[in-house]
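These notes are about the structure you will find just below.
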Amino acid sequence: MEFNITVLPGDGIGPEVITEGVKVLETVGRKFGHRFNLTYDDVGGAAIDKYGVALRPETVEAASKADAVLFGAVGGPKWDDPRARVRPEDGILAIRKGLGVFANIRPVKVFPDLVDSSVLKPEVLEGVDMLVIRELTGGLYYALPKRRQQTKHGWTGVDTLRYSQQEIERVLRVGFELARGRKKKLASIDKANVLETSRLWRQVATELGPEYPDVELEHVLVDTCAMQLVQRPSRFDVIVAENTFGDILTDEAAVLAASMGLLPSASLAGIPMEGRRARGLYEPIHGTAPDIAGRGIANPVATILSAALMMRYSLGLTEEAAAVERAVGQVLTDGCRTPDIAGDGDRAVSTTEMGDKVVEAL
Ligand code: NAD
Ligand code: IPM
Ligand code: MN
């Protein structure tokens with residue numbers, strides 16, 4: 001089969017990890033007889049430097065015609081001046097919105113071989129296997145007004161937290177559907193004790209519940225959820241949260257897996273269906289890691305696993321996706337470790353070596 005993929009490496013370690021993701025993609029192409037036509041473009045700081053904007057309309061146009069988008073990461077100290085007119089992060093926000101990918105699926109699994117790489121105790125990590133679904137195109141990130149303003153009492157800043165019933169309902173449905181295919185447990189996260197949007201969220205979740213009688217729905221306050229994620233993470237199966245909560249909770253969840261460099265994500269405009277074709281955006285959950293960028297030591301696994309999710313949810317390549325996931329597991333079993341997951345006495349490998357090992361295992 002033949003597929004058109006838009007590749008947006010971005011900044012910092014983005015291009016480093018994307019190189020390995022693409023290497024794995026091309027290996028799958030050779031091994032399984034597929035052709036991936038890759039179109040590269042600039043996004044984030046790289047696009048600001050070249051074009052003065054974080055994402056060009058023609059990039060969105062091309063991405064929305066492609067079968068899928070593979071995205072690295074954007075941002076960095078060079079573009080971090082709070083007075084700057086444009087920000088690299090505008091690029092990722094615009095492509096998510098432009099593609100309408102409201103459901104961001106972030107699987108959190110603990111590789112058995114990495115239990116000792118986590119700062120948490122092995123017994124806490126036992127049985128951890130969850131899906132966090134983060135609402136991705138609404139809430140605090142996008143709603144207007146959003147501005148800074150000088151008043152006679154000094155500056156004020158405003159962000160707006162707004163959700164419509166429809167935005168809440170469609171992402172919750174993704175949660176219910178995915179829970180159905182798993183342990184049939186859905187934790188809906190909110191801050192209903194304080195926020196009006198959260199009270200609406202809880203109301204919508206409660207009203208949807210009877211449509212999914214086989215799924216056990218519970219409401220968990222976000223602060224409690226944050227605590228339980230490190231105290232007793234295995235109690236969670238599928239979690240659905242609004243944009244900001246989902247962002248923060250998944251960085252926390254990366255600690256369970258041992259590193260930010262391990263968690264992939266898939267963003268879709270509907271209910272994910274394995275083996276079907278639906279346009280999606282695939283990105284590791286981590287950022288540009290300015291502290292290690294340019295040194296060739298970033299962990300490419302999150303990006304490689306994002307490419308696997310792309311095969312599963314956007315390209316209809318279920319078997320190929322599983323092969324990539326198995327290859328990653330094998331490489332970790334073989335003791336291959338980038339510095340972020342290396343223990344005392346382990347010889348750490350480079351980004352390139354890690355990618356090569358996955359290719360070899362395939
Ligand atoms: P970060 O995720 O870039 O890094 C956090 C920590 O995790 C760092 O210590 C980093 O070295 C480590 N880390 C992250 N990815 C890693 C990998 N693949 N291998 C090994 N270690 C890894 O978060 P940050 O430092 O807060 O943000 C840096 C920049 O990235 C900011 O400009 C931020 O806006 C941007 N960012 C972009 C995205 C995205 O494009 N999707 C996501 C998050 C952050
Ligand atoms: C992520 C990142 C982004 C987000 C930033 C860079 C805009 O933190 O993908 O998790 O908050 O969505
Ligand atoms: Mn984040």
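The values are calculated or read from the model by the stated rules, or taken from the named source; none is laboratory data. Please read all numbers here as calculations on a predicted model, not as lab measurements. Because the Cβ atoms are built from the backbone with ideal geometry, glycine has one as well, and the counts that use them run over all protein chains shown.
Where residues in the range 134-160 are under 24 Å from Gly270 (Cβ atoms) and part of a loop (DSSP other than H, G, I, E, B), which of them is farthest from ligand 3 (Cβ to nearest atom)?
Narrowing the range 134-160 to residues under 24 Å from Gly270 (Cβ atoms): 134-143.
Now narrow it down to the ones that are part of a loop (DSSP other than H, G, I, E, B): 136-138, 142-143.
Details: Leu136: 11, Thr137: 15, Gly138: 16, Tyr142: 15, Ala143: 18 Å.
Within the range 134-160, the match that is farthest from ligand 3 (Cβ to nearest atom) is Ala143.
Those residues that are touching a residue at least 12 places away in the same chain (Cβ under 8 Å), within 23 Å of Leu229 (Cα to Cα) and of a type in the set (A, V, I, L, M), I need them from the range 189-209; list them, please.
Ile189, Ala192, Leu195, Ala205
Filtering the range 42-65 down to residues that are out of contact with any strand residue (DSSP E or B) (no Cβ under 6 Å at 6 or more places or on another chain) and in a loop (DSSP other than H, G, I, E, B), which residue is farthest from Arg85 (Cα to Cα)?
Going through the qualifying residues, I end up with Lys65.
Within the range 328-346, take every residue that is closer than 21 Å to Val119 by Cβ and in a loop (DSSP other than H, G, I, E, B) and give me the one that is nearest to the chain's Cα centre (by Cα).
Thr338
If Glu242 satisfies all but one of (1) away from ligand 3 (no atom under 11 Å from the Cβ); (2) surrounded by fewer than 24 Cβ atoms within 10 Å (Cβ to Cβ), what's the number of the condition it fails?
All conditions pass for Glu242, except number (2).
Where the second residue is crowded, with 16+ Cβ neighbours inside 10 Å and among the hydrophobic types (A, V, I, L, M, F, W, C) and the first is assigned by TED's automatic domain parsing to the domain that holds Ile189 and within 13 Å of Arg202 (Cα to Cα) and lies in the range 156-168, which pairs have Cβ atoms under 6 Å and are six or more apart or on separate chains?
Gln165/Val204; Ile168/Trp201; Ile168/Val204
Considering only the range 288-324, how many residues are closer than 17 Å to Gly76 by Cα and within 16 Å of ligand 2 (Cβ to nearest atom)?
6
Taking Gly29 as meeting all but one of (1) without any contact (Cβ under 8 Å) to a residue 40 or more places away in the chain; (2) not in a helix (DSSP H, G or I), write down the number of the exception.
So the condition that Gly29 fails would be (2).
Go through (1) more than 30 Å from Val324 (Cβ to Cβ); (2) within 16 Å of ligand 3 (Cβ to nearest atom); (3) of a type outside the set (D, E, K, R) and name the single condition Pro77 misses.
Only one criterion is unmet by Pro77, namely (2).
Which is in contact with a helix residue (DSSP H, G or I) (Cβ under 9 Å, 6 or more places away or on another chain) and surrounded by 13 or more Cβ atoms within 10 Å (Cβ to Cβ), of Ala66, Ala47?
Matching residue, one of Ala66, Ala47: Ala47.
So, Thr250, is that one of a type in the set (S, T, N, Q) and in the same structural domain as Arg180 (by TED's automatic domain parsing) or not?
yes
Give the residue that is farthest from the chain's Cα centre (by Cα), with candidates limited to residues of the range 262-278 that are part of a loop (DSSP other than H, G, I, E, B) and buried (at least 20 other Cβ atoms within 10 Å of the Cβ).
Taking the range 262-278 and keeping what is part of a loop (DSSP other than H, G, I, E, B), we get 263-265, 269-278.
Subsequent filtering for residues that are buried (at least 20 other Cβ atoms within 10 Å of the Cβ) retains 263-265, 272.
Details: Leu263: 7, Pro264: 5, Ser265: 3, Pro272: 14 Å.
Restricting to residues being part of a loop (DSSP other than H, G, I, E, B) and buried (at least 20 other Cβ atoms within 10 Å of the Cβ), the top hit is Pro272.
Does Glu123 fit the bill of being under 30 Å from Arg337 (Cα atoms), away from ligand 2 (no atom under 16 Å from the Cβ) and among the charged types (D, E, K, R)?
Numbers: under 30 Å from Arg337 (Cα atoms): yes; away from ligand 2 (no atom under 16 Å from the Cβ): yes; among the charged types (D, E, K, R): yes.
Judged against the criteria, Glu123 is a match.
Which of (1) surrounded by 15 or more Cβ atoms within 10 Å (Cβ to Cβ); (2) in a strand (DSSP E or B); (3) more than 16 Å from ligand 2 (Cβ to nearest atom) is the odd one out, the single condition Ala179 does not satisfy?
(2)
May I ask you to list the residues in the range 8-20 that are more than 16 Å from ligand 2 (Cβ to nearest atom) and surrounded by 24 or more Cβ atoms within 10 Å (Cβ to Cβ)?
Glu16, Glu20
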